[in-house]
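Worksheet: the structure to be examined is printed underneath.
The values are calculated or read from the model by the stated rules, or taken from the named source; none is laboratory data. Not measured: the values here are computed from a predicted model. Cβ atoms come from the backbone with ideal geometry, glycine included; neighbour counts cover every protein chain shown.
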Amino acid sequence: MKKILIATQNKNKIKEYRQILPKMGLKLVTLADLNIDDESPENGKTFEENALQKAKFYYDLLKIPVISEDSGLEVDNLNGFPGVYSKRWMEHKNYEVKVNELIKRLGNKSNECRYVAAIAFYDGVTQKTFRGECLGKLVEPTSNHGFGYDLGFWNEEKQNTLNELPSEFKNSISHRTKALKKMLEWLK
């Protein structure tokens, strides 16, 4: 069974990966499984650059194939902000505060937004990135539980924020799932 690293410390992302990735004869390991605390730099200008930078960093450290990701929220009428800064922007504030600040910055402008995930695969020879997007609208949070910007990410189909929807539904439409499906097709 081939070992592949999911290069994240984020427990919520790990949970989603394990729910989304079908059994493919791969042994999925995490940084925590390997007692790795080192953090890769994230100074790219795009999600793809950051994901690939992370994949190469952990491959160089461990010499096993790596799946890594950079993801975030892009608000159309804020020129894609916060984008690659989604996690680091207002780093010491919770996501409820971040969402409310974005809404304040929008003012009367349209609130269309998208989640973007760029997933990189690197095995020391082959490098490839895969992009997935999930469209929605930015709304005031109705609760403060959930993962990341989900508490202010409105899904038109279900007429609710992602944090209020079952994880099975969220995973079926997510930016992460879309990028992972592209990667799985490529790996076949």
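Quick check on LEU31: is it free of Cβ contacts under 8 Å to residues at least 40 places away in the same chain, over 16 Å from LYS128 (Cα atoms) and buried (at least 19 other Cβ atoms within 10 Å of the Cβ)? Answer is yes for this residue.
Among the residues making up region 132-146, none is modelled with pLDDT of 95 or more and either among the hydroxyl-bearing types (Ser, Thr, Tyr) or out of contact with any strand residue (DSSP E or B) (no Cβ under 7 Å at 6 or more places or on another chain) (or both).
For the structure I just gave you, tell me whether PHE121 is in contact with a strand residue (DSSP E or B) (Cβ under 8 Å, 6 or more places away or on another chain), in contact (Cβ under 8 Å) with a residue 60 or more places away in the chain, hydrophobic (A, V, I, L, M, F, W, C) and within 17 Å of SER68 (Cβ to Cβ). Yes, satisfied.
Close contacts from region 35-63, counting a first residue that is closer than 19 Å to ASP123 by Cα and touching a residue at least 12 places away in the same chain (Cβ under 8 Å) and a second that is part of a loop (DSSP other than H, G, I, E, B) and of a type in the set (Val, Ile, Thr), with Cβ to Cβ under 8 Å and a gap of 6+ residues or different chains, come to TYR58/ILE36; LEU61/ILE36; LEU62/ILE36. The criterion of at least 3 residues that are modelled with pLDDT under 95 is met, among helices (runs of 4 or more DSSP H) falling completely within region 1-115, by 11-20, 95-106. Could you check how many residues of region 151-175 are aromatic (Phe, Trp, Tyr) and part of a helix (DSSP H, G or I)? Of the residues in that region, 1 qualify. Look at region 160-185: where a residue is free of Cβ contacts under 8 Å to residues at least 24 places away in the same chain and a partner is part of a helix (DSSP H, G or I), sitting 6+ places away or on another chain with Cβ atoms under 6 Å, you get THR161/LEU151; ASN163/ASP150; ASN163/LEU151; LYS170/LEU162. Annotation note: of THR129, THR161, the sole residue that is modelled with pLDDT under 95, in contact with a strand residue (DSSP E or B) (Cβ under 8 Å, 6 or more places away or on another chain), among the hydroxyl-bearing types (Ser, Thr, Tyr) and crowded, with 20+ Cβ neighbours inside 10 Å is THR161. Within region 176-186, is there a residue that is β-branched (Val, Ile, Thr), part of a helix (DSSP H, G or I) and more than 21 Å from PRO41 (Cα to Cα)? For region 176-186, residues β-branched (Val, Ile, Thr), part of a helix (DSSP H, G or I) and more than 21 Å from PRO41 (Cα to Cα): present. The set of residues from region 116-149 being under 18 Å from LYS54 (Cβ atoms), over 11 Å from the mean Cα position of the chain (by Cα) and not in a strand (DSSP E or B) comprises ASP123, GLY124, VAL125, THR126.
Of the residues making up region 83-105, those that are farther than 12 Å from GLU140 by Cα and not polar (S, T, N, Q) number 11. Please tell me if VAL97 is under 30 Å from ILE64 (Cβ atoms), surrounded by fewer than 18 Cβ atoms within 10 Å (Cβ to Cβ) and more than 14 Å from the chain's Cα centre (by Cα). Spelling it out, it is not the case that VAL97 is under 30 Å from ILE64 (Cβ atoms), surrounded by fewer than 18 Cβ atoms within 10 Å (Cβ to Cβ) and more than 14 Å from the chain's Cα centre (by Cα).
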